[in-house]
Amino acid sequence: MGIVLKESVKDECIMGIWEVSEDYNTLLSKLNLDKEEINKLNSFKSEGRKLEWLSVRNLINNLLERNARIIYNADNKPFLKGTTYNISISHSHKLTSIFLSKKNRVGIDLELMSHKISTLSDKFINDQEIVTSDPELRRYHLYIHWCAKEALYKICDKQDINFKENLTIFPFQPNDEGIIKGRVLNSRGVEDFWMRYKKYKDYSIVWTCK
């Protein structure tokens, strides 16, 4: 299927989502991989992991409208080779997302919503956060919280953060899309972020830049 969402966000940020419906050979044929990338691709055991990896490369090339190389540092943080872009990547099931910016820190997360989230909520929801008791909305509300905290975790470089103790999402009423506020409180101090969220099919997506 390819790109299902592409939009520019404030201050030269670009966000895109790719829905994987193509097979391995179709995704591979759209790319011009070097030897190192081919070796990396061949190192994956599962077909699903290979499709995920290929979809990320297809998406970044489409967002930038040129061939790009994604590399990772020792902490598994992604970078675009030869550029000053900040980049955040997320994938779940059939969706892949990328958020990038030359000027700003970025964070994005998406998740396919399953029912198991309710059994895990005590591990990431703190006493300051409010989650609806409406059974029709509760799962989605919890997933927005989870994705928002994942996005904050990424934008803060995954350092010194416990999801329950250091991250708080201010109360909000969940809609199909909207804006929420998140706070990071850790050894570096306090920092607030405005975050956008969206529901796409049975996925929750949250992204932020600063």
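Data table
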read-out: Cross-chain or 6+ apart pairs with Cβ under 7 Å, region 112-140 first and charged (D, E, K, R), then exposed (fewer than 10 other Cβ atoms within 10 Å of the Cβ); value: 139/115
read-out: Residue in region 127-135 that is farther than 29 Å from residue 5 by Cα, among the charged types (D, E, K, R), surrounded by 15 or more Cβ atoms within 10 Å (Cβ to Cβ) and over 16 Å from the mean Cα position of the chain (by Cα) present; value: yes
read-out: Sole residue being of a type in the set (Gly, Ala, Ser) and modelled with pLDDT of 95 or more, chosen from 48, 82, 107; value: 107
read-out: Residue identified as under 28 Å from residue 74 (Cα atoms) and assigned to a loop (DSSP other than H, G, I, E, B) among 162, 175; value: 162
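The values are calculated or read from the model by the stated rules, or taken from the named source; none is laboratory data. All values derive from a computational prediction rather than experimental measurement. Here Cβ is always computed from backbone atoms with ideal geometry, including for glycine, and neighbour counts include all displayed protein chains.
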